[in-house]
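The values are calculated or read from the model by the stated rules, or taken from the named source; none is laboratory data. This structure is a prediction, so every number in the text was calculated from the model and none was measured. Counting neighbours? That spans all protein chains shown, and the Cβs are built from the backbone with ideal geometry, glycine included.
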Amino acid sequence: MREAAPTRKTVLRLGHRIDRDKRITSHLGLTARAFGADEVVLSGDRDPSPLETWASVSERFGGRFESRFEPKPMSLLRGASKEGTTIVHLTMYGEPAAEAIPRIPIDRDAIIVVGGSKVPGEVFRISDYNVSIGSQPHSEVAALAVFLNSWIGPIDEDSRFSGGEFTIVPSERNKIVISHEEE
C-alpha cells in the first residue's frame, strides 16, 4: 500500500445518459467508494437515482462518501487543473497503466475521469495522464476498480467504513452481518 498524505480523490462520471447508463453509473460510484475514492461527481443527464443509491449505501455500510451533480464538468476540470489537481482520464486509448500509475502522484488531490458517451477531445488534452487499463473495449467499472486498486492500493475497510448501520464480517463460507441499529 502506498502511503499518502490526506488528499481528495474524486471520480468524475462524464456524460451519464439516464436511459442507457443508470445501472452502470450506479455501479461506478459504488466501486469508487469501495476502492478508496472520496467523492463521485455526476455529469450529463441530471439523474437523482445514482446519487440516492450512493448516499443510501454509505448510510447503511458506513464511511464518508460524497456525491453531487455537476452541470459544467469541463469548467470543473479546467479549474481543478489550474489549482494543481492531478487529472487522470481512464481511456482505452491512453498509455498502459503499468507505465503510467507509478508516475501519478498519490499525495495530491486528483480527479479520475470516467467517460460514458463520447468524451470531448479537450479531456485528453487537459488530463495529466490518459491511462489505459487494457487497450480493448471493456467496462468502465472494471477499469476504475483496477486503476484505484493499483494506484491507491488496498484500503483499511475497518477505519474507512465505520459508522454504518451494518458491518460485513469477512468469512470463507458464511454470510455474517452485524447490525448496529440497536446499539
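Side notes on the structure shown:
- Apart from one condition, V141 fits all of (1) modelled with pLDDT under 95; (2) crowded, with 16+ Cβ neighbours inside 10 Å; the exception is (1).
- Top-ranked residue in the range 60-116 [being within 18 Å of E39 (Cα to Cα) and aromatic (F, W, Y); ranked as surrounded by the most Cβ atoms within 10 Å (Cβ to Cβ)]: F65
- Note on the range 133-181: residues that are small (G, A, S), outside any loop (DSSP other than H, G, I, E, B) and over 30 Å from G116 (Cα atoms) total 2.
- For the range 31-52, a tally of residues being buried (at least 18 other Cβ atoms within 10 Å of the Cβ) and assigned to a helix (DSSP H, G or I) returns 6.
- Beta carbons closer than 6 Å, at least 6 apart along the sequence or on distinct chains, pair a first residue in the range 131-160 that is under 13 Å from G36 (Cβ atoms) with a second that is assigned to a helix (DSSP H, G or I) and among the aliphatic types (A, V, I, L, M) for S150/I101; W151/I101.
- Some residue of the range 81-101 being assigned to a loop (DSSP other than H, G, I, E, B), acidic (D, E) and modelled with pLDDT of 95 or more: yes
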